[in-house]
1. Pull up the DSSP beta bridges for the chain and report the antiparallel fraction as a percent, rounded to 5.
2. Report the label-to-label distance for Glu159 and Glu631 in nanometres (one decimal), using points 7 Å from each Cα along the Cα→Cβ vector.
3. For the peptides 170-178, 259-267, what is the packing order when you average, over each peptide's residues, the other Cβ atoms within 10 Å and list the highest mean first?
4. Given N residues in region 230-310, what is its alpha carbon radius of gyration divided by 2.2 N^0.38 Å?
5. Can you list the cysteines of the chain that have no other Cys Cβ under 4.7 Å away?
6. Subtract the Cα-Cα distance of Leu209 and Thr122 from 0.36 nm times their separation in residues, and report this length gain in nm to one decimal.
7. If packing is taken as the mean number of other Cβ atoms within 10 Å per residue, what is the order of 31-43, 125-137, highest first?
8. Measuring from the lowest to the highest alpha carbon on each principal axis, how far does the chain reach, largest first, in angstroms?
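What follows draws every value from the coordinates through simple rules; no lab data is involved. Treat the numbers as computed from the prediction; the structure is a model and nothing was measured. Cβ coordinates were reconstructed from backbone atoms using ideal geometry, including for glycine residues, and neighbour counts include every protein chain displayed.
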Amino acid sequence: MYVQVALNRKIGDGDKLLTYEIPAQWRDIVRPGMAVSVPLRRETLEGVAVTVTAEAPAEVAPEQIRPLTAVNPGPPLLTPDLLRLAQWMSRYYLCPWTAAVQAMLPAGLTLSGRPPQNSLQTCYRLAEVPEGLRLTEKRRALAAYLQAQGECSVRQLAEAGFDAGFLRRCLQAGMLTRRQKRRYSPEAARLTQDAVLSPAQEAVYRQILEEIQGENRPVLLHGQAGSGKTEIYCKLVQRTVDQGGQAIVLTPEIALAGQMAEMLQRRFAMPVALLHSALSGSERRLLWQDIAAGKYQVAVGPRSALFAPFAALRLIVVDEEQESSYKQDNQPRFHGVTAARMRARFTGAALVLGSATPSVESYYLAEQGTYAMATLTGQYYASPPPAVTVADMRRELRRGNATMFSQALGQALQENFAQGGQSVLFLNRRGYYHFFFCRDCGHTVTCPHCAVAMAYHGDRRQGTLKCHYCGQTMEAPALCPRCGSPHIRRFGAGVQRVEEEVKRLLPQARVLRLDSDMAEDRQAYERVCRAMRRGEADILVGTQMLAKGLDFPGVTLAAVMAADAMLNLPDWRAGERAFQLISQLCGRAGRRRVQGRAIIQTYSPAALPVAAAAAHDYQRFYRAELADRRERNYPPFCRLTRLLFLAKTPAVAQAFARQAAETLRQPPGDWQTVGPSEAPFGKINDWYRWQVLLKYQDFSQLRCRLQALAAALRREPVRLVIDVDPFSLL
């Protein structure tokens, strides 16, 4: 018997399954999906059994086949449907099968090692009492308690009146035995608080159930912010668990995953597996093994939680399905929504995609009948949608107002603070200033490793320049590096400057900031969110993380500081992303019983994404965007693949991109080749970048051509990145 193994570590190209012989003692044990240890050169590595066969592959020489080193006797870490999904991902995204398997396994997974300390608890059991042991009244009470209860944790014994010191003395006397035991969440009554649905929610819930019990198409749940989509998710999870099934709930951010897991645990009083990258290696390993062993019925997390090894998966929920974070930006470059559709198909699970601003592609699929559409109208609470004001910053300049706050926003911030309301201010730029610019020669200070302007971080008096792509830092120059002029100035406000200006406007206000710089410190990120939920902060300034579904009940004012920064990006989704972010940020205000207020500051008040978001008019935006994409032949009217050529010199990247484009234009080929052209950011981390876009309907012919192209370039001085269904061209 032989097994093909995907290693849990990249070795060389990492594109091959390795073949090993199964020793006789394990032939009845090893099956696909199980964790195994294998020899490779002089090391012993870990991996997952992918296929088990009676004969070795013909291309592998018998003398090269070595036996397995060890087998994990536990349940498979990858279920049959996950192995099938990995094979599909390999074919669809043109990546090695091993890369797809590695993406499914939790980072840092090992088969051995101690459990994390916070997962263990010390437990005591009554031993045979030694002869001559003096039994005091307290020892007799302890013996009687343990005889009645059996093994007990230190916490249980402390609650019964037996402190840790007393227990240690009884242990030393030989009266007790002690062991470390796994800690699990208490198995209480499953349902502690039923979801109370409004008539509108109940109608949508019944509609989704009818679809699940009928055709079971993916369901697009479209409801504006605050309409109560989360309550429907909870009701669906409750039904799934009560029927013995398992459910996965995906969120775009770790903070939202924690918020969702906490709510589900309160609702059902049962353990919920929270899967995310901030866990330690041992925590990930233990959680993954427990899920495979059936100790959890619900898993919550960002994109990678889709691969939780549930054997009875019956429901997948993708919240905020339009978010870019569901698209992975390294190999395999899969999209979480697309992969969720395939896993639901392989398992027969229901798939629900929720959003206040669905992606154009998803809404189009719902209109065409590929998805079922469920529309949730109105607000869950009594308050109407926020009142939106569009502040024309051109008019502010004509009035002599050159500050970053329009008159409407400055006044609204002061009034909201005086009334005890919370405010959120959104600007999609990190740092203090956006770039350094010389007024004499026009030079912009760029990163030496990337074709990107360096942002200024710090405060008005002291700070450094930082590249947001490679992390390079340098001192802010006093003179222009090109011409030596002292007339070098800082331009374009970032969130750090907004934070400072808010503190100057409202010195008494408690102001916090939330951006990806802050999110690198997980504890700081959670402190900010906790402070807002508890009302311990008055104003929160942040980047797009603010718009991704965070629910702060006390927020009654939301503002978009510079809508124009999102409108003019060189990307075919720029308008869609701007509309979604503005709409979601406005939806953060007044989500309970008080109507909120939103202010959009812009130099382009007539721009469709701004005007449609201000009017809460998804249909207006969708129809115009769909017509534009039909005219320019972009998804959903075609499929798109991006070929990115990276080289250490621009000439090499350009030459290989041009050669590939010419090859792909040769018949036969039912696709449109666009380019080559320099990528929007022509150099990142010392790699020069050129791109070719392919538009097509059928991928079958193109797949073979791209596989041949990748094979031909494998030994050339260029790296080829194939991005199927790219979410962005930036």
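1. Numbers: 66 of 116 bridges.
Counting only bridges with both partners in the chain, antiparallel ones make up about 55 percent.
2. Label-label distance for Glu159 and Glu631, simple model: 6.7 nm.
3. Details: 170-178: 16.0, 259-267: 18.8.
Ranked from most to least packed, the peptides come out as 259-267, 170-178.
4. On the way: Rg = 11.7 Å, N = 81, 2.2 N^0.38 = 11.7 Å.
For region 230-310, the normalised Cα radius of gyration comes out at 1.00.
5. Lone cysteines by the Cβ rule: Cys95, Cys123, Cys152, Cys170, Cys234, Cys470, Cys529, Cys586, Cys638, Cys704.
6. On the way: separation 87, 0.36 × 87 = 31.32 nm, distance 4.50 nm.
Extra length from Leu209 to Thr122 when fully extended: 26.8 nm.
7. Details: 31-43: 16.2, 125-137: 10.5.
Result, highest mean first: 31-43, 125-137.
8. That gives 96, 72, 61 Å along the principal axes, largest extent first.
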